[in-house]
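Notes to accompany the following structure.
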Amino acid sequence: MVAFALSLWACGNDGRQVPSPTVYAWPDSFSFLIEYVSESRAGTVLVSRYEERKALRFAVREDRYLAWHDSVIKESFAPGREATVEPFVPEDTLHFYVELDRRGGITRSEPACDPAVPACREALPSALRLELRRLIPRLPVWAPPRGYVWEDTLAFNDAPRQRGARGFVVTSCRVAGDTLIAGSRFWVVVWHSIQRTYVDVGGLAGLVPNPPVEENGMVFIDQERRVPVYASWAGGAVAPPSLRALGVTGTGFRGRAYLAGSLVEQLLSPE
């Protein structure tokens, strides 16, 4: 998936010095189509594979967006076994109120539901913010020189929820260049992130850190429409105890997302 983006860039990048993006122009409604895969291995042997496909939709409601997932498919695979459909979590089915500023800041994200409903109480408010940070790089105030690196820190605290934790993600971004694809020009923003989370186990132990998770990705931003149209990312995480018992030491993952109705969707859609 990441290789696809690199091949597009290699075909079109002319190294021309152009202004970097400083603001987005968000439309009243838009959707991202998202694909995600993770694999756990013991040496070279595949132990498990997880696949997820979904749409993430946005529609303006007064002065903010209403966002929700649609057409969610979650499946797990293991050698010699049939695919298993995985259950949804509350974030897969609930709507969220989201505020996006013109620089890509996610200034607010909260479930759009009655807190008295059990699913609403279980939903992780920060889940959507963390998902969007892969798709929407936060832009600097001023157009940076080529090669300049800027950082964005996204802090979150879902610890009061049953599946929640607290922590932060530090993302380092830079504009790597621009590229021309089928007559349209795009900025290419590459990024590296480190996510650190802490779980409150109570007692004297207090907050216990989880192993950090590192990711690398890139985003294509349409220079005319001023919106992200393609994102790809990859990373790795320490395997949970249940998999480490099977000899797995880590899990690799990768994903991609593209803007519905964009040129990139046309290129990726099967004929």
Quick one: in the stretch 114-140, of everything that is part of a loop (DSSP other than H, G, I, E, B) and in contact with a Pro (Cβ under 6 Å, 6 or more places away or on another chain), which residue is nearest to PHE58 (Cα to Cα)? ILE136
Restricting attention to the stretch 40-63, the residues that are at pLDDT 90 or above, buried (at least 16 other Cβ atoms within 10 Å of the Cβ) and of a type outside the set (Ser, Thr, Tyr) number exactly 7
Checking the structure you have, find out if any residue of the stretch 186-198 is of a type outside the set (Phe, Trp, Tyr) and more than 18 Å from the chain's Cα centre (by Cα). no
Filtering the stretch 122-156 down to residues that are crowded, with 17+ Cβ neighbours inside 10 Å and small (Gly, Ala, Ser), which residue is farthest from ILE221 (Cα to Cα)? ALA123
From the options ALA143, ALA59, ALA67, ALA55, residue that is among the aliphatic types (A, V, I, L, M) and outside any strand (DSSP E or B): ALA143
Among GLU82, GLU91, GLU110, the single one that is buried (at least 18 other Cβ atoms within 10 Å of the Cβ) and either assigned to a helix (DSSP H, G or I) or modelled with pLDDT under 95 (or both) is GLU91
Residues of the stretch 241-269 being assigned to a loop (DSSP other than H, G, I, E, B) and either under 23 Å from MET218 (Cβ atoms) or under 21 Å from the mean Cα position of the chain (by Cα) (or both), which ones? ALA260, GLY261, SER262, SER269
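The values are calculated or read from the model by the stated rules, or taken from the named source; none is laboratory data. Owing to the predicted nature of the structure, the values given are computational and were not obtained by experimental measurement. Note that each Cβ is placed from the backbone with ideal geometry, even for glycine, and that neighbours are counted across all protein chains shown.
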